[in-house]
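Okay, structure first, notes after.
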Amino acid sequence: MLKVKNLSKVFKEITAVDNVSFDVGTGEIFGLLGENGAGKTTTLRTIATMLKASTGTAEVYGIDVNSQPEKVREHIGILFGGEAGLYDRLTVAENIAYFAELYDMDKKSIKDRISQLSKIFGMDEYIDRKAGKLSKGMKQKAAFARAIVHNPDVMLFDEPTSGLDVSAIRDVHDFIEKCKKEGKTIVLSSHIMSEVEKLCDRIGIIHKGKLLDVGTIDEFKKKYRQDSLEEIFIQLVGDKQ
Amino acid sequence: MKWKHVITVFKKEVKDIIRDKRTIITSIVAPMIIMPILLVLVGGGEAKLTKDINENVTIALTQNSNTSEIRSLVKDKIIANNKNIKLVEVSDPVEAIRQEKVRAVLDFEKDYAVKLKERVPFIIKVMYDKSKTKSDASFSIIQDAIRNFDADVVKQRIVDLKQNPEILTPTTVEENNVADKKQSGNMMLMMILPMLLGVLIAAGGIPAATDLVAGEKERNTFEPLLITKPSRLSLLLGKYLTVTLFSLVSVVSTIAGLVIGFLANPNSVSAGMGSQAGGFYMEPAALLLAIFTTILLGMTFAGIQIALSTYAKSFKEAQTYLSLLIFVVMIPAYATMFMQPADIQSYMFLLPVLNTIAAFKMVLGGVINYTNLILALASSILYVIASIVFAAWMFTKEKVLFRS
């Protein structure tokens, strides 16, 4: 499970993440909802140990991100939206195998895992094709497979459907729900209300680096007396403009 | 840091670069093709030019000097012993030099015949164009011909005085070069090779270094890599070794190109060095030390290149920084191009780039000082460590990694 405790990240004079705290349990999808530049990606990057927290910390299954970043990374898988970030000159299988090797998986496990992921994501047809020759949807599936090749307990998805077509978006949603069923701890950052509403068990609304409120959609509807998440979001963020 | 991770990154990067046709063509294939072509063309062109300069020396006489007596004097006495010099007729001699129809024009003093008879010096004015290579080079050939004529006249005068002409040459200089023939043969290489090595080793790793960090940032592959299990130092070292490998491969392919070019046209390397060139001999132990120093220079550059590529926000920015690095190398490389091994000061073996150039000059020149070679090696090791520390510092610094 994931515990974020008073996490802040300051870049020179800009406070990108300001004293953010939330917990995500096993088998739970936590949605981090906010506008572009609200601090969602910085929060995920700090949890993933890519950035060092200015103050506060986060714990992944009891392991502190500040003191044991390398150990934390063994338990975390992160997927960024937009460009899939694959090595174009390597095949899909080679892209996945590279990351698997970096996670110290042995050759047999790598082979088995690639074959398993290829089936899960329907990549059999292009698993041996170079990543540079694939469509955006295919690339995103390959990036997904690569991000979870080491079967992490905690998954961080940063705008995972950004720039994808309808059927690719559905595949991504199906996969996230499948991960939840497998008991993974999931944080999904998005600015798409419908996506968050559909997938997330609880939501944290983030604005200008501050986590404004955390709760389930029903709790939000009751608390803010609004029928839709969009109205709730506008009410919350509008108050803080 | 785990060596297993370093090797995984290294293997992946090598595979990735090998599949990049552009890098392979510019770093490996092109030098192996371009160098031989360049050597054959340059060597062939130079040989053709030298032959033309020496064999087609055309001269003319000014209008005042264009008399049958002077023509006979020139033809039968001055240029008789040099069949490459030809006297031709032109209407406007000075213009003919400018238009390269003749190499030079001779103008004899009006009363030259009287002065010659009375054994008084007379003037032969040689007009030529210093701005034209062929005309300029022909001047000395014509001057030699006139000197030979002088010597013949003097000899005849001595004979006329019933003296032995040998009284004019009390000494005879005999040339005896005691240098090892193998050492003399390295003269041209001693000038070119160390300079070339310095520049090549700096340039060779640039495509890989640019691609491996700045390129990854631009293609969005860098962030997923940073959140994998390995430490940043492991990732850095894997990339660092790749850059080192490709800078060395680039040097080897260029040297291979030079060797092919030399085999295709042996005169290309000895251009301008005459008979001195021809042999290749290097002290094996000293050569080994110089090669290690060169590899260490490549490793030093790899560290600097990775650091600069890490600092760059984009591929283009990295290319700009890394290109500047070549100029930094070119300065010491060209400054020491004509330096002989005996001129190398001990402190040069302690300075980066210069130590490699100095070590190779020493080996190629056959003047071996092992203390200096070991100094070069030791100082190079320190520079490698410094460059890796610098690269690691840059690679782990958040402000540098995520400048954008």
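Pairs of Cα atoms nearer than 8 Å and 6+ residues apart set the relative contact order; for the range A:1-145 it is 20 percent.
When the Debye formula is applied to the Cα atoms of the range A:172-218, each taken as the same point scatterer, what base-10 log of I(q)/I(0) results at q = 0.22, 0.26, 0.31 Å⁻¹? Normalising to I(0) and taking log10 leaves -0.84, -1.07, -1.28. Across peptide A:89-99, the average count of Cβ atoms from other chains found within 10 Å of a residue's Cβ is 3.
Helix A:136-147 and the longest principal axis of the C-alpha atoms of chain A enclose an angle of approximately 90°. Ellipsoid semi-axes for the range B:56-165, based on the Cα gyration tensor and the rule √(5λ), read 26, 15, 11 Å when sorted largest first.
Computed over all pairs of different Cα atoms, the Kirkwood value for the hydrodynamic radius of chain A is 18.4 Å.
To the nearest 500 deg cm²/dmol, what mean residue ellipticity at 222 nm is calculated for chain B from DSSP H runs of n ≥ 4 alone, each contributing -39,500 (n - 2.57), summed and divided by the residues? One gets -20000 deg cm²/dmol as the mean residue ellipticity at 222 nm. By the equivalent-ellipsoid construction on the alpha carbon gyration tensor, the range B:277-404 comes out with semi-axes of 33, 15, 11 Å, ordered largest to smallest. The Stokes-Einstein estimate for the protein assembly as shown, based on a Kirkwood radius over Cα pairs and taken at 25 °C with 0.890 mPa s viscosity, is a diffusion coefficient of 80 µm²/s. Our estimate of slack between B:ILE34 and B:ILE123, defined as 0.36 nm per intervening residue step minus the Cα-Cα distance, is 26.9 nm. Among B:GLU89, B:GLU218, B:GLU55, the largest mean-square fluctuation in a Gaussian network model of chain B (Cα springs under 10 Å) belongs to B:GLU89. If you count Lys pairs in the range B:56-165 whose Cα atoms are under 13 Å apart, skipping same-chain pairs closer than 8 places in sequence, the total is 7. For chain B, with a Gaussian network of springs between Cα atoms less than 10 Å apart, report the residue from B:PHE262, B:PHE139, B:PHE360 with the top mean-square fluctuation. Evaluated over chain B, the most mobile residue of the options is B:PHE139. With respect to chain A, whose longest principal axis is taken over its alpha-carbon atoms, helix A:166-181 is tilted by about 80°. Hey, could you get me the Stokes-Einstein D for chain B, Kirkwood radius over alpha-carbon pairs, 4 °C and 1.567 mPa s, rounded to whole µm² s⁻¹? Estimated diffusion coefficient is 50 µm²/s. Span-like helix check, chain B: qualifying full DSSP H segments, with Cα axial length of 27 Å or more and mean Kyte-Doolittle of 1.0 or more, are B:232-264, B:284-311, B:315-335, B:370-396.
Any read-out appearing in this document is the output of simple, stated calculations on the displayed coordinates, not a laboratory observation. Because the structure is predicted, anything quoted here is derived from the model rather than measured. Heads up, the Cβs are rebuilt from the backbone with ideal geometry, glycines too, and the neighbour counts pull from every protein chain shown.
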